[in-house]
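> Handing you a structure now.
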Amino acid sequence: QVQLVESGGGLVQAGGSLRLSCAASGRTFSRYAMGWFRQAPGKERGFVAAISRSGDSTYYADSAKGRFTISRDNAKNTVYLQMNSLKPEDTAVYYCASTTKYGSISVIDYNYWGQGTQVTVSS
C-alpha cells in the first residue's frame, strides 16, 4: 500500500510559479508510475501529467505542455510538479496518484491518491 501526501500549493499571481511535491510512504514507490491530476470546482478530475517508474519517460495534458514539468526522486520517494507561467484557469485542487498502468490518463487506472493541495492563481 502507498500513502501519498501533497504539499506546495498556495496563492500565486498569473505568470507565477509553484512547485508541488508528493511524498510517498512505503518501500514500493519505485514500482509505480505516478501522475498528477487536478479538479476545479464543478468540474471532473482531469489528468495533468505522468511519469514512468524510473522517471525516464513523461507525458502531459495539452494544457500543461511547455509550462509544467513532472519529475521524481525515487531515493526520496517523492514526485514533483513544477508549474510555470500559471494562469487563472489552472486554479484547482491538485492530486498525485500512483498507477501500474503507465500511459493511462484515466482516474480509474490510478489506485492510490493523496488528499490534494489547493492551487489558486489570481489574475
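> Hey, what's the chain come to in accessible area per residue, 1.4 Å probe, Å²?
51
> Let me know the Rg and Dmax you get for the chain when you use only its Cα atoms, in Å.
Cα radius of gyration and Dmax of the chain are 13.2, 41 Å respectively.
> Build a GNM of the chain with springs between Cα atoms under 10 Å: which of LEU20, LEU86, LEU11 gets the top mean-square fluctuation?
It is LEU11.
> Okay, moving on. So, R0 is 25 Å and r is the distance between the beta-carbons of SER7 and ASN74; what FRET efficiency does that work out to, to 0.05?
The computed FRET efficiency comes out at 0.85.
> Would you pull out the residues with amide H under 5 Å of LYS87's amide H, same chain only if 5 or more places away, H placed 1.01 Å from N?
Close amide H contacts, sequence-distant or interchain: GLY15.
> Among the lysines, select those whose C-alpha is under 22 Å from the C-alpha of LYS43, and discard any that sit fewer than 8 residues away in the same chain.
List returned: LYS65, LYS87.
> May I ask you to list the GluC sites (Glu not before Pro) in the stretch 1-100 that are in a DSSP loop and have at most 11 other Cβ atoms within 10 Å of their Cβ?
GLU44
> Aspartates and glutamates within cross-link reach of LYS101: Cα-Cα under 19 Å, excluding same-chain residues under 8 positions apart?
LYS101 reaches ASP56, ASP109.
> Could you check how much of the accessible area of the stretch 83-123 is carbon and sulfur, as a whole percent, using a 1.4 Å probe?
Carbon and sulfur: 53 percent of the exposed surface of the stretch 83-123.
> Arrange the residues ASP109, ASP90 by how much accessible surface each exposes, largest first, with a 1.4 angstrom probe.
Largest accessible area first, the list is ASP109, ASP90.
> Starting from the stretch 14-123, pick out the trypsin sites (Lys or Arg not before Pro) whose DSSP state is loop and whose Cβ has at most 11 other Cβ atoms within 10 Å.
ARG27, LYS43, LYS65
The values are calculated or read from the model by the stated rules, or taken from the named source; none is laboratory data. The shown structure was predicted, so the numbers you read here are calculated from the model rather than taken from an experiment. Cβ atoms come from the backbone with ideal geometry, glycine included; neighbour counts cover every protein chain shown. Keep in mind that these areas ignore ligands, DNA and RNA; they rest on the heavy atoms of the full protein, side chains included. Shrake-Rupley method; radii C 1.70, N 1.55, O 1.52, S 1.80 Å.
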